[in-house]
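Asks: Quick one: this structure, given as structure tokens, is what I'll be asking you about.
Only the coordinates and a few stated rules stand behind these numbers; no lab work does. What you are looking at is a predicted structure, and each value in this text was computed from that prediction instead of being measured. Note that each Cβ is placed from the backbone with ideal geometry, even for glycine, and that neighbours are counted across all protein chains shown.
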Amino acid sequence: MTLSPPPARTEAQPARATAGTDVVDLYLRHIGSGRAVMGRVMGGMAEVRSEGAWIHADDGRRFLDFGGYGVFILGHRHPAVVEAVHRQIDTHPLASRVFLEPVAARAAEALAAHTPPGLDYVHFVNSGAEATEAALKLARAHGRNCLITTRKGFHGKTLGALSVTANATYQTPFEPLLPDVVQVEYDDPADLEQALAARCDRACVVVEPVQGEGGVRIPRPGYLGQVAALCRAYGALLVVDEIQTGMGRLGTWWGVDAEDVRPDILLTGKGLSGGVVPVAAMTATAQAYAPFSRDPYLHTSTFGASPIACAAALATVRVMESEDTVARAAALGGRILAGVRAVCAPYEGGLVREVRGRGLLIGIEFAREQAVGELLLEMIARGVLVNHSLNSTRVLRLTPPAVVEDAALDLFLTTLAEALRSTAARVAG
Ligand SMILES: Cc1ncc(COP(=O)(O)O)c(C=O)c1O
């Protein structure tokens, strides 16, 4: 992503004196110059408060959050999740790990009620990458030590997860990574079959239903079903990474629902937090999970499945049930996609290559990488947050919450139209 300084603030967003400069300074001295410089380029604000679809900065401005890297399907600080977490903090936030933890048990039951049939076992962790690590270790415990991943796939940045995150920029400085990893073309069952045929029953396939960080790449209908059939035919373990696509993001509980696919392992995270407490999970069939089930010390983490994290996960699932978040995501996603397509239409064939999306995961692919950075800054200057894509530098990514009101949607579309106009004037198509 190429970033240049942000455009001037608009009249609609008057700025007050900001404490952000102190924060930039502290970042420079204690966290890192790269992040400090990025913060300055983004306008130098510090974020201090949030609710629903909005984030508030220390200079008094508020920002409509259509980014959040896929975390905020319920928006920020959903009141029911906040209340459940408060209650847990007031009673028992972290566990002894000697006795059983009722909230972990109830959260696992609640989540398993919505995973595809047969994925009854849940291993809670603190981040998406840890969920991937758990899956890779489980695969090895079954002797599946050849990992097949897809080009532009993203599965996290811890060493194991990074081995299947197909991006040389992030991998090269840390090589050697895990051995015996093969990258195949996404949305290409023939390429997968070739890799599987060479590895027979030693393989574990890791795949996303839609590649989020890969630039909202939506495979052709039937792809996931074909992947599952090939894994069955060659005796490979199938791990579907729904850390970004799950929990209603695609307008279904899981991306696999669209093709009735039942993986051996399904990963979730991001939205499971309810926008309140970091939590992720690896879910698995009884057969796949057996090594972890037999020996609870085989793969552990002090804070994994903590009562506060599980309280957030349990409340999130309950909110999704009571507010019908999945249906809302499908309906709202359709409206946003139609709106974005209409706004981008005049630029198609020039600045804009393609607009694509499913549910509330929407990508705008540009002809030039520079446009992503420019548009992102134009949007921030007008009070709207959006994201780039880590494994596809020409794609701007939208992951809005399912709680966006009509007025906020109108504001988003108007802002996108203005920001595109301004970007088009700066960046040739
Ligand atoms: C599909 C997918 N898998 C794994 C991860 C890693 O999750 P985390 O950043 O919580 O470690 C991400 C994060 O963007 C993701 O999109």
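Asks: Residues with beta-carbon under 14 Å from that of Lys152, excluding Lys152: net charge, scoring Lys, Arg +1 and Asp, Glu -1?
Replies: -4
Asks: Count neighbours as other Cβ atoms within 10 Å of each site's Cβ, and list the GluC sites (Glu not before Pro) in the range 115-203 that are DSSP loop with at most 14 such neighbours.
Replies: Qualifying residues, ordered by number: Glu185.
Asks: Follow-up. Check the straight Cα-Cα distances from Lys157 and name the aspartates and glutamates below 20 Å, setting aside those fewer than 8 residues away within the same chain.
Replies: Cross-link targets: Glu130, Glu133, Glu175, Asp180, Glu208, Glu213, Asp241, Glu242.
Asks: Here's something else I'd like to know. Determine, from the Cβ-Cβ distance of Glu323 and Gln287 and an R0 of 25 Å, the FRET efficiency 1/(1 + (r/R0)^6), rounded to the nearest 0.05.
Replies: The formula returns an efficiency of 0.15 here.
Asks: Let me ask something else about it. So what's the angle, to the nearest 10 degrees on a 0 to 90 scale, between helix 369-381 and the longest Cα principal axis of the chain?
Replies: 70
Asks: Moving on. Any chance you could run the full-extension gain for Asp25 through Ala331? It's 0.36 nm times the residue separation minus the Cα-Cα distance, nm to one decimal.
Replies: The Asp25-Ala331 span can extend by a further 105.8 nm.
Asks: Mind putting a number on the dipole of the chain about its Cα centre? Charges go on the C-beta only, +1 for Lys and Arg and -1 for Asp and Glu, and I need it in Debye to the nearest 20.
Replies: Once rounded to the nearest 20, the dipole reads 500 debye.
Asks: For the chain, find the longest principal axis of its Cα atoms and tell me its angle to the long axis of helix 189-199, 0 to 90°, nearest 10.
Replies: So the inclination is approximately 40 degrees.
Asks: Given the convex hull of the Cα atoms of the range 107-160, what is a quarter of its surface area in nm²?
Replies: One quarter of the hull surface, i.e. the mean projection, equals 4.8 nm².
Asks: Taking other Cβ within 10 Å of each residue's Cβ, how do Tyr297, Tyr27, Tyr69 sort, fewest first?
Replies: Tyr297, Tyr69, Tyr27
Asks: Amide H to amide H under 5 Å from Ser50: which residues, 5+ apart in sequence or cross-chain, H placed 1.01 Å off N in plane?
Replies: The answer is His56.
Asks: Right, next: Using all C-alpha to C-alpha distances in the range 79-323, build P(r) with 5 Å bins and read off the rounded percent in each one.
Replies: Using 5 Å bins, I get a P(r) of 1, 7, 14, 19, 20, 16, 11, 7, 3, 1, 0 for the range 79-323.
Asks: Calculate for the chain the 222 nm mean residue ellipticity that helices alone would give, adding -39,500 (n - 2.57) per DSSP H run of length 4 or more and normalising by residue count, nearest 500 deg cm²/dmol.
Replies: Result for the chain: -12000 deg cm²/dmol, rounded to the nearest 500.
Asks: Provide Phe303, Phe99, Phe63, Phe174 in ascending order of the number of other Cβ atoms located within 10 Å of each residue's Cβ, fewest first.
Replies: The most exposed by this proxy come first: Phe99, Phe174, Phe303, Phe63.
Asks: Please list, in order along the range 74-86, the HN-Hα scalar couplings obtained from phi with the Karplus expression 6.51 cos²θ - 1.76 cosθ + 1.60 (θ = phi - 60°), rounded to whole Hz, x for Gly and Pro.
Replies: 8, x, 8, 6, 4, x, 5, 6, 4, 5, 4, 5, 4
Asks: Bin width 10 Å, alpha-carbon pairs only: give the P(r) of the chain as whole percents, running from 0 to the bin holding the largest distance.
Replies: Calculated P(r), rounded to whole percents: 5, 21, 31, 27, 14, 3, 0.
Asks: Also, I was wondering about something else. Mind checking the alpha-carbon convex hull of the range 52-192 and giving the volume per residue in Å³?
Replies: Spelled out: Cα convex hull of the range 52-192, divided by residues, is 210 Å³.
Asks: Then there's this: Could you work out how much longer the chain between Arg220 and Phe303 gets when fully extended? Use 0.36 nm per residue separation minus the Cα distance between them, nm to one decimal.
Replies: So the extension gain works out to 26.0 nm.
Asks: Which net charge results for the neighbourhood of Gly271, defined as the other residues with beta-carbon distances under 12 angstrom from its beta-carbon, given Lys and Arg at +1 and Asp and Glu at -1?
Replies: So the environment of Gly271 carries a net charge of +1.
Asks: List the extent of the Cα atoms of the range 90-136 along each of their three principal axes, largest first, rounded to whole Å.
Replies: 33, 23, 19 Å, listed from the longest principal axis down.
Asks: Let me ask something else. Under a Cβ-Cβ cut-off of 11 Å, what is the net charge of the residues other than Ser392 that fall near it, where Lys and Arg count +1 and Asp and Glu count -1?
Replies: +2
Asks: Let me ask something additional. Determine, for His30, His114, His155, His92, the number of other Cβ atoms within 10 Å of each Cβ, and report the residues in order from fewest to most.
Replies: The most exposed by this proxy come first: His30, His92, His114, His155.
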